[in-house]
Amino acid sequence: MLCDLLIALTMLTNFALVTSSRVAKVVRLAVIQGIILGSLPIAMGLGRHPHILLMAVSTVAVKGWFIPFLFRRALKQVKTPREVEPYIGYGTSVIFCALGTALSLMLAHTLPLEPGAAHPLLLPAGLATLFTGCLLLVSRKKALTQVVGYLVLENGIYLFGLMLVEEMPLLVEAGILLDLFVGIFVMGIVINHISVAFDSMDTHHLAKLKD
Amino acid sequence: MAWYLILLPLLAALLAFLTPSPAWRPRILPATAVLHLGGLLAALRGPLRPGAWLALDPMGGWVLLVISVLFLLCAWYTPAYLALRPNRDNRIFITCFLSFLGLASLLAQATHPGLVWVAMETLTLSTAPLIYFNKNQRSLEAAWKYLMIGSVGIAFALLGTLFIAYAAHMGGLREPLRFDRLCLEAARLSRPWLRVGFILSLVGYGTKMGIAPLHTWKPDAYGETPGVVGALLAGGMTSCAFLALLRVQTVMAAAGEGPFARGLMVVLGLVSMAWAFVFLVRQGDLKRMLAYSSVEHMGILLFGIGLGGPAAAFALYHLAANALVKCVLFLSVGNIHRSYDSRQLPYVTGAIRRTPVSAWLLLLAFLAITGTPPFAPFVSEFNLALLALGPGRTWPGLLFLILLAGVFLAMSDTLVKVVFGAPSRERARTPYRDTFGTTAPLIAALALALVMGLWLPSPLASMLRSSAALLEARP
C-alpha cells in the first residue's frame, strides 16, 4: 500500500519536473524523486535482506545528498539567470509527459508480468519516468537541466530494476550506482569547464561542430 | 591470468598518475602494452576454464587480442606524439589511456550481462577526458556530446540488460545469469522480454558503436581529439561495444530468436553504410571523414553478423582488419594535421611533398579500408559480398556492393586532393617532420593488415570459427 503510494508520488514528481521553471527547483524535485526511490525497497518490505538494505541506504546517500551537493556547487559558480529556458513550453511539456505516461501504461500491458508479481505498477512507472527523463534531456537548454534529465532517466531504470532487486547480485548493483555517481561527477566537471569557457551553461553555445 | 590482464593496466594507470615527471610518464605506455599482449597470448594458449565472473572464451579472446595489438601500436606512437605537444599536461591523458586497456580487458572477459554493462559504462567515462585533451571550446563541446549521448545510450543498454534478466526471471532462472547459462537454458526465457531486451541493447550498445542514426557523437569526438585517441576509440571502444552486443546476440540465437535479431542487424547495417556514404560525399574535414568511415565499417560489422552462418566469422575478421587499418588512417591524418596545423580542405593539399611517409601511408590505408586486395579488409568485404549474394537473396548483397563502391568514390575525391593536390601556400609549414617514432607504428600496422590479408595463423582461424559457432548457438 505504502509502496504503491510512493510509486504514484514518483509519477507526480515527473509532472512537477517538466513544469518547473527554476533550475534550483528542478534539482530539488529530482533529489526528492531520488530519495523516494531509494527508500522504496524498504517500503516493499525487503529490508530483511542485508544487501538490499545496504544498497537502499547508499542510494539515498548518493541521490539525496551527494548528487545535489554536486549540483549546488555547479549552480553556485554560474552567475546566469536561474530560469530553465525550455525549447518547448511548459504546457506542451505537460501534454507530452501525460502522453508518455499513458503510453507507458499501455506498453506495460503488452509485456507479460510474472503471475502474482507483487508490484505491477513498477513497470509503467519506470517507463514513464524514463520517458520524462528523455523529455527533459532533449527539451531543456541548460547543461545542468540536461544532467537532471539523465538522472531522471536513470531513476526510471532503477524503478524497473526493483522488480529484480531480490536477485540482482550486489556487485552489479553497486557497479550501477557507482557508475551513475561517477557519471554525474564527470558531467559536473564538464559543466564547470563549460561555464568557465562560455560564462554560461547554455548548450546552444555547444553547437559549433556540424557538417 | 584474467586478473593479471585487468589489473596490470589499471595499476600502470595509477603509476602514471603518481609519476611526477611528464617526460618519463609516456614510457609507461609501451611497457604496459607489451606486458599485456604477452600475458594475453599466454592466456590464449591455456585451456579455457570457465570462471564465475571472468573467463576468456574465443570470442572475447579474439576481440581482446585485436584491442591489445591496437593498443600496442598506439602506445608505441604516443610518446613521439606527446613530445610534439610539450605544453599539454599528459597526466590525465596517459592515466585514462591505460585505464581504457584495463576496462576493455574486464569487458572482454566478463561472463555476466551486468558486469559487461558496468565495464562498458566505465569505459565511456574513462575515455571522455581523452576527447577533452586539447582543452578548447570545440573539444569541450565534443566531450559534452560524447558524455551525454554515450550515457543516455548506455542507459538504454542497462534497461535492455534488466529486461533480459527479467526474461530469465519469468523462465524461473535465478542468479547468477552468466551468458553460458543463459544460452544453455535459453528455451525457458520469456520471448517478449527477450526481444525488447535485445532491441534496447542494440540501441544502447549501437550508440557506443556509433551506428547510424545513433552516431551523432562520433564526427565531433573524432574530429576534436588527437589522432591516436581516434584510433583507440574507432578500433578499440567500438569493438568493445560490438562484443557486448554479440554476447546478447548469442542468447538470442540460443533462444531460437536468431532470425529476428539478424534481420534487424542487416537493416541497421545497411542504413549505417548509406548514412555514412551521404556524409562522406564532399567531406572536407579529414578527421570527420574518418569518423563517417567508422560509421560505415560498424555498419559492415552488423551486416556481417546479420547475414549469419559463415559470414559471422568474416565479420569478426573484419573487426581486426578495420582496427588495424583505422589505426594507420587516424595516425597518418594526425601527422598531416600536425604538419599543416589544419585538417580541412582546401588548406591541406599536396601532402605527399610535405610529409611523404604519412601521405603514402594515408593513401595505402585508404586503399586498404575500401577493400583493395591484398589487404585484410578486402578478404572480409569480398567474402561478405559473396555470402550476401548467396541463393535466395540478392538485394542486401547488391546494396552492400553499391554502397562500398560509393564510399570508395566519395573518399577518393577528398583523399586525392589531400595527397596529390597542388601544395597549399595558405598554410605555413609547422616544424613537424615525419620521424621514426611517428611513422614506424603505422608501417607496422599496415604490414600486419597486409600479412593478415594473405595468411591467417591457424590458431586465430580456429578462434574465429568457434566464435562464429557460438553466435549460431552451435556448441
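The figures follow:
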{"quantity": "Student exercise, the protein assembly as shown dipole from Lys, Arg, Asp, Glu Cβ charges, in Debye to nearest 20", "calculated": "1500 debye"}
{"quantity": "Between segment A:161-192 and segment B:312-373, the Cα center-to-center distance that results, in Å", "calculated": "38 Å"}
{"quantity": "Nearest-0.05 FRET efficiency for B:Ala52 and A:Ser21, computed from C-beta distance (R0 56 Å)", "calculated": "0.65"}
{"quantity": "Total formal charge among the other residues, if their Cβ is under 13 angstrom from that of A:Tyr90, Lys/Arg +1 and Asp/Glu -1", "calculated": "+1"}
{"quantity": "Folded to 0 to 90 degrees: helix B:395-420 orientation relative to chain B principal axis, Cα", "calculated": "20 degrees"}
{"quantity": "Separation between Cα centres of segment A:113-140 and segment A:91-111, rounded to whole Å", "calculated": "9 Å"}
{"quantity": "A:Leu170-B:Val416 FRET efficiency (beta carbon distance; Förster radius 60 Å; 0.05 resolution)", "calculated": "0.55"}
{"quantity": "Peptide-level mean, for B:139-151, of C-beta atoms on other protein chains within 10 Å", "calculated": "6"}
{"quantity": "Over the protein assembly as shown: Rg over Rh, Cα atoms, Kirkwood Rh", "calculated": "0.96"}
{"quantity": "Cα→Cβ-extended label distance, 7 Å offset, between A:Ala117 and B:Asp180, nm", "calculated": "3.1 nm"}
{"quantity": "Acute angle (nearest 10 degrees) that the helix A:122-139 long axis makes with the longest principal axis of chain A, alpha-carbon atoms", "calculated": "10 degrees"}
{"quantity": "Vicinal HN-Hα couplings computed from phi for segment B:220-232 (Karplus, 6.51 cos²θ - 1.76 cosθ + 1.60; Hz; Gly/Pro x)", "calculated": "5, 5, 5, x, 9, 9, x, x, 5, 5, x, 4, 5"}
{"quantity": "Most to least packed among A:148-158, B:77-87 [average Cβ atoms within 10 Å]", "calculated": "A:148-158, B:77-87"}
{"quantity": "Sites B:Leu409 and B:Trp455 - FRET efficiency at Förster radius 25 Å, r taken between beta-carbons, to 0.05", "calculated": "0.25"}
{"quantity": "Among A:Val57, A:Val147, A:Val18, residue whose mean-square fluctuation peaks in a GNM of chain A (springs only between Cα atoms under 10 Å)", "calculated": "A:Val57"}
{"quantity": "Accessible surface, per residue, of chain A when the full set of protein chains is kept, probe 1.4 Å, Å²", "calculated": "42 Å²"}
{"quantity": "1.4 Å probe accessible area per residue over segment B:169-253, in Å²", "calculated": "22 Å²"}
{"quantity": "Between 0 and 90°, nearest 10: helix B:58-84 axis offset from chain B longest Cα axis", "calculated": "20 degrees"}
{"quantity": "Heavy-atom accessible area ranking, 1.4 Å probe, most first, across A:Glu83, A:Glu167", "calculated": "A:Glu83, A:Glu167"}
{"quantity": "Calculated from backbone phi, Karplus (6.51, -1.76, 1.60) coupling profile of segment B:435-440 in Hz, x at Gly/Pro", "calculated": "10, 4, x, 9, 10, 4"}
{"quantity": "Charge tally in the Cβ shell below 12 Å around A:Ala118, where Lys, Arg are +1 and Asp, Glu are -1, A:Ala118 excluded", "calculated": "-3"}
{"quantity": "B:Arg465 paired with B:Thr216, simple spin-label distance in nm, labels 7 Å along Cα-to-beta-carbon", "calculated": "4.6 nm"}
{"quantity": "From phi via Karplus (6.51, -1.76, 1.60), per-residue ³J(HN,Hα) for segment B:384-392 in Hz, x at Gly/Pro", "calculated": "5, 5, 4, 5, 6, 8, x, x, x"}
{"quantity": "Segment B:182-221: C-alpha gyration tensor shape, a/c 1.5 cut-off, then a/b vs b/c", "calculated": "prolate"}
{"quantity": "Rg ratio (alpha-carbon, reference 2.2 N^0.38 Å) - segment B:10-131", "calculated": "1.10"}
{"quantity": "Per-residue SASA entry for B:Trp76, accessible area with 1.4 Å probe, Å² rounded to 10", "calculated": "110 Å²"}
{"quantity": "Sequence of A:Asp4, A:Asp179, B:Asp89 from largest to smallest accessible area, 1.4 Å probe", "calculated": "B:Asp89, A:Asp4, A:Asp179"}
{"quantity": "Value of Rg/Rh across segment B:376-475 [Cα atoms, Kirkwood radius]", "calculated": "1.12"}
{"quantity": "List A:Val190, A:Val182, ordered by accessible area with a 1.4 Å probe, largest first", "calculated": "A:Val182, A:Val190"}
{"quantity": "Centroid-to-centroid separation of segment B:408-453 and segment B:172-228 [C-alpha atoms, Å]", "calculated": "35 Å"}
{"quantity": "Cα→Cβ-extended label distance, 7 Å offset, between B:Arg282 and B:Asn87, nm", "calculated": "3.6 nm"}
{"quantity": "Sulfur and carbon atoms: percent of accessible area, segment A:1-46 [1.4 Å]", "calculated": "74 percent"}
{"quantity": "Ordering of B:148-155, B:421-428, A:125-132 by burial proxy (mean other Cβ atoms within 10 Å per residue, highest first)", "calculated": "A:125-132, B:148-155, B:421-428"}
{"quantity": "Isotropically averaged projected area of chain B, using the convex hull of Cα atoms (one quarter of hull area), nm²", "calculated": "20.0 nm²"}
{"quantity": "Charge tally in the Cβ shell below 14 Å around A:Thr132, where Lys, Arg are +1 and Asp, Glu are -1, A:Thr132 excluded", "calculated": "0"}
{"quantity": "Total accessible surface hidden between A and B, rounded to 100 Å², 1.4 Å probe", "calculated": "4100 Å²"}
{"quantity": "Shielding score for A:132-140, defined as the mean number of other chain Cβ atoms within 10 Å", "calculated": "1"}
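The values are calculated or read from the model by the stated rules, or taken from the named source; none is laboratory data. Source: prediction; values computed, not measured. Neighbour counts run over all protein chains shown; Cβ positions are idealised from the backbone, glycine included. Heads up: the accessible areas ignore ligands, DNA and RNA and are worked out on the full protein's heavy atoms, side chains in. Shrake-Rupley method; radii C 1.70, N 1.55, O 1.52, S 1.80 Å.
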